[in-house]
Amino acid sequence: MGWLHKKIIRPLLFRQDSERAHNSVVNKLGWASRNAFLCGLVEKIYGSPELPSKVFGLNFPNPVGLAAGMDKHATAVPGWAALGFGFCELGGVTWHAQDGNPKPRMFRAIPDEAVINRMGFNNSGAEAVAQKLSGWKKSGRWPAHPVGINLGKSKITPLDKAAEDYASSFRILRDLADFFVVNVSSPNTPNLRQLQDKTALDEILAAIQALNQPKKNGGRTPVLVKVAPDLSLWALDEILELVKPRNLAGIVATNTTIARPQTNDAALQKIYAETGGLSGRPLRARSTEIVRHLYKQTGGQVPIIGVGGIFNAEDAWEKITAGASLVQCYTGLVYEGPALAGKVVTGLAGKMSAAGFSNIRQAVGTAA
Ligand SMILES: Cc1cc2nc3c(=O)[nH]c(=O)nc-3n(C[C@H](O)[C@H](O)[C@H](O)COP(=O)(O)O)c2cc1C
């Protein structure tokens, strides 16, 4: 399968514009997702072994999830489980529907196995996504794994009205997902990252948690915050100060970076001159460093979802042993193809038994 992807499918996809190839693949998975037989077939080919873990009160069949941005419109909700992911994070969703930035806005840096994007939260808006999710629920094809939603700020909403914007999306989507991620770290919405400032973030979280009353059968819906890899460790510590007062379930580390690797390759230099966030291999080490810092600062008491440059089981193990309870992939899927989650989960299971662990939780933070 890996050979088929690397030698045939990937070269064909890479001949197309990056966003076009992305849309065509996600739409095809969306089409398969509507059919139980096709979905079952995808699962037979690509499914993952069980590697269960309970994190912030939710049961994850395995710790490898789909990162935000891949399925912004909830197109293929059952498909991600069929591809072996233990959870998915849909969106970013904003309160107002928006087109995002002008195209082209997604670029591959192939020699470095990286992507630069400045999508700018193109999405159909919280109401349309809520309808889509209700449709999936009614279809009886809702996946057995946790489904999260990534919330962003609408571009037309001024920064001082951000709390209202996030809270409106949360209100309409709350009963349609298992957890939420407050994204204040995308580099592609003007000034968004200023919302990582403690006071501004506190206001957003207060507005969301005011709507997040405990459900009859249990607690509050878990709410996490996603941070940028470009924050200083001091700024990260400030965000951690909000965890207790605002009942945060965890931190997602990290979003894409505005930093660029050094290169003498003229073609790469041209791609790296594009504005936007960089993801993939060059982000791996920095995002792991942030996971490790967060784990140490919180004494392992706050669950971390580690994301950035995970292409194989070694990369996932690095994040987990640095302190991540769960991991996510985006760019790895672009370069490694649909077998990625299954390969990572199988590899993690092998590493666990080699280390003498019976649950993935035992590995978390062992190299922090
Ligand atoms: C095209 C693209 C779109 C993305 N959109 C979002 C988004 O809407 N919200 C978000 O929090 N992160 C978004 N991300 C960031 C990813 O979720 C992830 O944090 C980042 O790409 C690092 O992981 P990776 O190296 O595995 O890709 C996006 C990334 C890419 C490449």
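The values are calculated or read from the model by the stated rules, or taken from the named source; none is laboratory data. Computed from a predicted structure; not experimentally measured. Note that each Cβ is placed from the backbone with ideal geometry, even for glycine, and that neighbours are counted across all protein chains shown. Each accessible area value is taken on the protein alone, full model and side chains, heavy atoms only, with ligands, DNA and RNA left out. Shrake-Rupley method; radii C 1.70, N 1.55, O 1.52, S 1.80 Å.
Please tell me if Gln209 is more than 20 Å from Leu133 (Cα to Cα), within 14 Å of the ligand (Cβ to nearest atom) and open to solvent by 10 Å² or more (accessible area, probe 1.4 Å).
No: the conditions fail for Gln209.
Do you know which residues across the range 78-99 are of a type outside the set (A, V, I, L, M, F, W, C) and surrounded by fewer than 24 Cβ atoms within 10 Å (Cβ to Cβ)?
Passing the criteria: His96, Gln98, Asp99.
If you go through the range 311-343 one residue at a time, how many are closer than 23 Å to Pro11 by Cβ and of a type in the set (A, V, I, L, M, F, W, C)?
7
Please verify whether the range 48-62 includes one or more residues that are open to solvent by less than 10 Å² (accessible area, probe 1.4 Å) and not in a strand (DSSP E or B).
Taking every residue of the range 48-62 in turn, at least one turns out to be open to solvent by less than 10 Å² (accessible area, probe 1.4 Å) and not in a strand (DSSP E or B).
For residues that are in contact with a Leu (Cβ under 7 Å, 6 or more places away or on another chain) and over 17 Å from His22 (Cα atoms), scanning just the range 60-86, find the one that is nearest to the ligand (Cβ to nearest atom).
Checking each candidate, the answer is Gly65.
Quick check on my filter: what residues within the range 104-134 are more than 11 Å from the ligand (Cβ to nearest atom) and either farther than 24 Å from Ala259 by Cβ or open to solvent by less than 30 Å² (accessible area, probe 1.4 Å) (or both)?
Answer for the range 104-134, where residues must be more than 11 Å from the ligand (Cβ to nearest atom) and either farther than 24 Å from Ala259 by Cβ or open to solvent by less than 30 Å² (accessible area, probe 1.4 Å) (or both): Ala109, Ser124, Gly125, Ala126, Glu127, Ala128, Val129, Ala130, Gln131, Lys132, Leu133, Ser134.
Out of (1) more than 24 Å from Trp317 (Cβ to Cβ); (2) surrounded by 22 or more Cβ atoms within 10 Å (Cβ to Cβ), the odd one out for Thr75 is which?
Failing condition for Thr75: (2).
Just wondering, is there one or more residues in the range 227-234 that are without any contact (Cβ under 8 Å) to a residue 40 or more places away in the chain, loosely packed, with under 15 Cβ neighbours inside 10 Å and either in contact with a strand residue (DSSP E or B) (Cβ under 7 Å, 6 or more places away or on another chain) or hydrophobic (A, V, I, L, M, F, W, C) (or both)?
For the range 227-234, residues without any contact (Cβ under 8 Å) to a residue 40 or more places away in the chain, loosely packed, with under 15 Cβ neighbours inside 10 Å and either in contact with a strand residue (DSSP E or B) (Cβ under 7 Å, 6 or more places away or on another chain) or hydrophobic (A, V, I, L, M, F, W, C) (or both): present.
Output the residues belonging to the range 267-291 that are open to solvent by 70 Å² or more (accessible area, probe 1.4 Å) and away from the ligand (no atom under 16 Å from the Cβ).
Gln269, Lys270, Ala273
Give me the pairs: first residue in the range 246-257 and closer than 13 Å to Gln301 by Cα, second residue within 8 Å of the ligand (Cβ to nearest atom), beta-carbon distance under 8 Å, and six or more apart or on different chains, which are they?
Listed by first residue and then by second, the contacts come to Ile251/Lys226.
I want to confirm something. Restricting to the range 235-245 and keeping residues that are part of a loop (DSSP other than H, G, I, E, B) and open to solvent by less than 60 Å² (accessible area, probe 1.4 Å), which single residue is farthest from Leu176 (Cα to Cα)?
Among them, the one singled out is Leu242.
For Leu224, are the conditions met, namely being within 15 Å of the ligand (Cβ to nearest atom), touching a residue at least 60 places away in the same chain (Cβ under 8 Å), open to solvent by less than 20 Å² (accessible area, probe 1.4 Å) and hydrophobic (A, V, I, L, M, F, W, C)?
For Leu224, the condition - within 15 Å of the ligand (Cβ to nearest atom), touching a residue at least 60 places away in the same chain (Cβ under 8 Å), open to solvent by less than 20 Å² (accessible area, probe 1.4 Å) and hydrophobic (A, V, I, L, M, F, W, C) - is met.
Quick check on Ser154: is it surrounded by 19 or more Cβ atoms within 10 Å (Cβ to Cβ) and within 15 Å of the ligand (Cβ to nearest atom)?
The answer is yes for Ser154.
Can you run down the residue pairs with Cβ atoms below 8 Å, 6 or more apart or on separate chains, where the first is in the range 311-332 and open to solvent by 20 Å² or more (accessible area, probe 1.4 Å) and modelled with pLDDT of 95 or more and the partner is within 10 Å of the ligand (Cβ to nearest atom) and among the hydroxyl-bearing types (Ser, Thr, Tyr)?
Tyr330/Ser279
Check the range 14-21 and report whether any residue there is under 20 Å from Asn117 (Cα atoms), part of a loop (DSSP other than H, G, I, E, B) and within 16 Å of the ligand (Cβ to nearest atom).
Yes, that holds for at least one residue.
Scan the range 247-255 and tell me whether some residue there is on the phi > 0 side of the Ramachandran plot, within 13 Å of the ligand (Cβ to nearest atom) and out of contact with any helix residue (DSSP H, G or I) (no Cβ under 9 Å at 6 or more places or on another chain).
Checked the range 247-255: no residue is on the phi > 0 side of the Ramachandran plot, within 13 Å of the ligand (Cβ to nearest atom) and out of contact with any helix residue (DSSP H, G or I) (no Cβ under 9 Å at 6 or more places or on another chain).
Are there any pairs with C-beta distances below 9 angstrom linking a residue in the range 350-363 that is more than 22 Å from Pro303 (Cα to Cα) to a residue that is open to solvent by 60 Å² or more (accessible area, probe 1.4 Å), with the two at least 6 apart or on different chains, and if so which?
From the range 350-363, the pairs are Gly356/Gln362.
Please report, ordered by residue number, the helices (runs of 4 or more DSSP H) entirely within the range 246-360 with at least 2 residues that are over 16 Å from the mean Cα position of the chain (by Cα) and over 24 Å from His22 (Cα atoms).
In the range 246-360, the matching helices (runs of 4 or more DSSP H) lie at 284-297, 313-322, 340-355.
What pairs come out if I take residues in the range 271-291 that are among the aliphatic types (A, V, I, L, M) and pair them with residues that are within 11 Å of the ligand (Cβ to nearest atom) and part of a helix (DSSP H, G or I) whose C-beta lies under 6 Å away, six or more apart or interchain?
So the pair list comes out as Val291/Lys319.
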